Amino acid sequence: MKSSSSRWTPTGWHRLYLETPEDWSIGAISGDATTGYLRLDDAVMPRVEVRWEPVKGQEPLDRIVARYLEKLTEKNRKKKTPPLKVRRGLNLIKDEAVLQTRAIEGFHWETESEDAVQAYGALWRCSVCNRIVFAQVLGLDRESIFSTATRVLNTLRDHPEGDTVVWALYGMKFETPATWSLKEHRLLTGRILLRFTGPDGEIEVERLSLAEMQLNGRPFETWFEQTCDGDIDRRDSLSEAEFSHPGLWYFGTAIDPATVHKRLGWLPGRRPKKHGFERYGWHCAPGNKLFSLRRPGERPTPEALLNVARTLTCHR
Amino acid sequence: MRLFRKKSPPPLDRRDLLRARPLRNSRLSWEKMDDGEVMISIPRRNTWWVGLMARIFYVPSRRTIVLDKIGSSVWTRCDGEHTVESLISLMREEYKLERKEAEVSTLTYLKQLMEKGLIGFAVPGNRANTKP
C-alpha cells in the first residue's frame with residue numbers, strides 16, 4: 001500500500017493505541033472503554049477498523065472469526081458478487097510481549113468485485129484487560145497492504161503498560177493518569193473537547209483550530225483572559241522550554257454551571273455557587289492552534305492538570 | 001406516474017466527488033474587496049411571481065453576499081480548474097488543518113454554495129447531472 005505520507009502517527013482512544021500512516025485519521029468513533037468501535041480513514045476509503053468488547057464466556061477465537069467471515073460472505077453473496085477468498089490462522093503479530101498475554105487469531109479476506117477490497121485482521125483476547133479486540137486493516141485489492149497491515153497490527157495495544165493512558169487524535173497527543181476515564185467528547189471541525197473524570201475531579205482538554213481567526217488580531221493573553229469565565233486570582237506564565245510555546249496559567253473562581261437554577265434563582269438558597277478553577281493555555285503558532293486545559297472544582301489536585309499539560313504534544 | 005417523474009441521477013461516489021471541479025455560476029457578478037473578502041451580487045429572479053411581488057413591495061434588483069476570508073479563498077478557486085480534492089489540500093496547507101477538518105469544512109461549505117445556486121460541479125467522465 002502506498003501511503004502519500006511516509007511518516008507514522010499514533011492514535012490513542014480509550015486505552016487502545018496504534019500507529020498508522022500520517023494521512024489516516026479518525027473517521028468514526030462510538031462506544032466507551034468497555035465496548036466500542038474506532039475507524040481510521042484516508043482520503044480514499046476506511047483503512048483500519050477496531051472493535052473492542054468485554055470477554056463473555058469462553059467461546060474460541062477461531063469460532064468468532066469464522067462467524068464474522070460467514071457474515072461477510074453472506075453479505076457478499078447477497079450482492080451477487082464472486083465469493084470471498086478467505087485465509088485463516090495467519091501469524092500476523094510477531095511481538096513476543098503481545099503474544100504472552102493474548103490469544104490471537106489472524107486472517108485475511110479479499111473480494112473479487114469491480115472495486116475489490118482486501119483486509120488483514122486479527123482478533124484477540126487479552127487476559128490483562130479482559131477485552132476481546134477485533135482489528136483489520138483494509139485496502140484495495142490492487143494495493144500491496146501486507147507490510148503496512150502487519151506494522152499497524154503489531155503497534156496495536158489494548159491496554160497501557162504504565163500508569164498513564166495515551167490519548168492521540170488528529171495530530172494531538174497527551175497522557176492522562178490510568179485512573180481517569182473519558183466522560184465526554186466533542187470532535188467538531190475546528191474544535192476538539194475532551195472531558196475526563198477521575199478520583200481527583202475533572203479536567204478538560206480543548207483544542208481550537210484556525211487560531212488566527214479565533215484571535216482576530218488580539219494577543220493570546222487578551223484572548224485567554226476574555227475566554228476565562230470567572231475571576232482570576234493568580235496568574236503566571238509558562239516556560240517555553242517546558243511547553244515548547246509561551247503560555248499562561250490562571251487560577252481563580254467561577255460560577256459552577258451545575259448550581260445555576262433557571263427557576264427562582266433569586267432565592268438565597270438557590271443562588272449559584274462559585275468554585276475554583278485552574279487553566280493552562282498556549283498558542284501553537286506552527287500548528288495554528290490554541291490549547292486550553294482546565295480543571296474546574298476545588299479538589300486539591302494541582303499536579304494532575306500540570307502533568308497532563310506537560311505531556312501534550314501540540315504539533316509534529 | 002413513472003412517466004412524468006424525472007428520474008433522479010445516481011449520487012456521486014466519494015472518489016468522483018473528490019475529482020469534481022467546482023465552478024462559479026457565470027450569471028453572478030462578484031468582486032474582491034480591498035481586505036481580500038469577496039462580494040457576490042445575485043440578480044433578482046425573473047419569475048412571474050417575483051415580478052408581481054415587486055409591483056406591490058420593494059424588491060431590490062440585486063442582493064449581495066459578502067464571504068469571509070476563508071470562504072473568499074474557496075470561492076476564488078471555484079474556477080473549474082481546481083478539483084475538490086485540491087481545494088481540500090490547499091485549505092489544509094493554508095490554515096494548517098488536519099485532513100479530516102479540512103475535508104468536512106470544505107465539503108460542507110461547497111454544499112452550501114451549491115444549494116444556493118452559486119456554484120455547480122463539473123464531474124469527471126460521463127457522470128453529468130449527478131447529485132453530489
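Could you derive backbone 3J(HN,Hα) for segment A:280-288 from the dihedral phi with the Karplus parameters 6.51, -1.76 and 1.60 (θ = phi - 60°), listing whole Hz in sequence and x where the residue is Gly or Pro?
10, x, 7, 9, 8, 5, x, x, 6
Which percent of the Cα-Cα distances in the protein assembly as shown go past 41 Å? All intermediate terms of the calculation are to be shown ahead of the outcome.
Values: 34119 of 100128 pairs.
Tail fraction, whole percent: 34.
Taking H as built 1.01 Å from N, whose amide H comes closer than 5 Å to the amide H of A:Ala116, not counting residues under 5 places away?
A:Asp141
Compute for chains A and B the buried accessible surface, both sides summed, probe 1.4 Å, and express it in Å² to the nearest 100.
The A and B chains share an interface burying roughly 1600 Å².
Please give, to one decimal in nm, the separation of the simple spin-label points placed at A:Asp95 and A:Phe146, each 7 Å out from Cα toward the Cβ.
2.2
What is the diffusion coefficient of segment A:1-105 in µm²/s, taking the Kirkwood radius over Cα pairs and the Stokes-Einstein relation at 4 °C with a viscosity of 1.567 mPa s?
Reported coefficient: 79 µm²/s.
Just order A:209-215, A:78-84, A:165-171 by mean Cβ neighbour count inside 10 Å, highest at the front, would you?
A:165-171, A:209-215, A:78-84
Order the peptides B:88-99, A:228-239, B:65-76 from the highest to the lowest mean number of other Cβ atoms within 10 Å of their residues.
B:88-99, B:65-76, A:228-239
Let's test the formula: R0 of 35 Å, r as the Cβ-Cβ distance of B:Asp35 and B:Thr108. What FRET efficiency results, to the nearest 0.05?
0.90
For segment A:30-187, count all C-alpha to C-alpha pairs, find those more than 27 Å apart, and express that count as a whole percent of the total.
Working: 3389 of 12403 pairs.
Taking all Cα-Cα pairs of segment A:30-187, the fraction more than 27 Å apart is 27 percent.
Round to the nearest 0.05 the FRET efficiency obtained for B:Val66 and A:Gln226 when R0 = 30 Å and r is the Cβ-Cβ distance.
About 0.75, to the nearest 0.05.
In terms of modelled amide H atoms, which long-range or inter-chain residues lie less than 5 Å from the amide H of B:Trp30?
B:Ser41
Can you run the Rg to Rh ratio on chain B? Use alpha carbon positions and the Kirkwood inverse-distance Rh.
That ratio is 1.04, to two decimals.
If you average the sequence gap of Cα pairs under 8 Å that are 6 or more apart and divide by the length of chain A, what percent do you get for the contact order?
13
Of the listed peptides A:148-154, A:172-178, what is their order by residue-averaged count of other C-beta atoms within 10 Å, with the highest listed first?
The packing order, highest mean first, is A:148-154, A:172-178.
For segment A:55-172, calculate the relative contact order in percent as a whole number, restricting contacts to Cα pairs under 8 Å that are 6 or more residues apart.
Numbers: 166 pairs, mean separation 23.4, N = 118.
It rounds to 20 percent for segment A:55-172.
Sorted from largest to smallest, which semi-axis lengths in Å does the alpha carbon gyration tensor of segment A:217-316 give for its equivalent ellipsoid, taking the root of 5 times each eigenvalue?
Numbers: eigenvalues 181, 45, 25 Å².
Working through the eigenvalues yields semi-axes of 30, 15, 11 Å.
Taking beta carbons within 10 Å but only from partner chains, what does the mean come to for residues B:90-97?
4
What number, rounded to the nearest 500 deg cm²/dmol, is the helix-based mean residue ellipticity at 222 nm of chain A, given -39500 (n - 2.57) per DSSP H run of at least four residues and division by all its residues?
-5500 deg cm²/dmol
What is the diffusion coefficient of segment A:157-305 in µm²/s, taking the Kirkwood radius over Cα pairs and the Stokes-Einstein relation at 20 °C with a viscosity of 1.002 mPa s?
127
Between A:Thr313 and B:Trp48, what's the calculated FRET efficiency when r is the beta-carbon distance and R0 is 60 Å? Round to 0.05.
For A:Thr313 and B:Trp48, the calculated efficiency is 0.45.
How large is ³J(HN,Hα) for each residue in segment A:135-142, as worked out from phi by the Karplus curve 6.51 cos²θ - 1.76 cosθ + 1.60 (θ = phi - 60°), to whole Hz, x for Gly and Pro?
Per residue, the Karplus-derived 3J(HN,Hα) values read 9, 9, 10, 9, x, 6, 4, 6 Hz.
The values are calculated or read from the model by the stated rules, or taken from the named source; none is laboratory data. In this text, all values refer to a predicted model and were calculated from it rather than measured experimentally. FYI the Cβ positions are ideal-geometry reconstructions off the backbone, even for glycines, and counts take in every protein chain you see. These area figures cover heavy atoms from the full protein model, side chains too; ligands, DNA and RNA do not enter into them. Shrake-Rupley method; radii C 1.70, N 1.55, O 1.52, S 1.80 Å.
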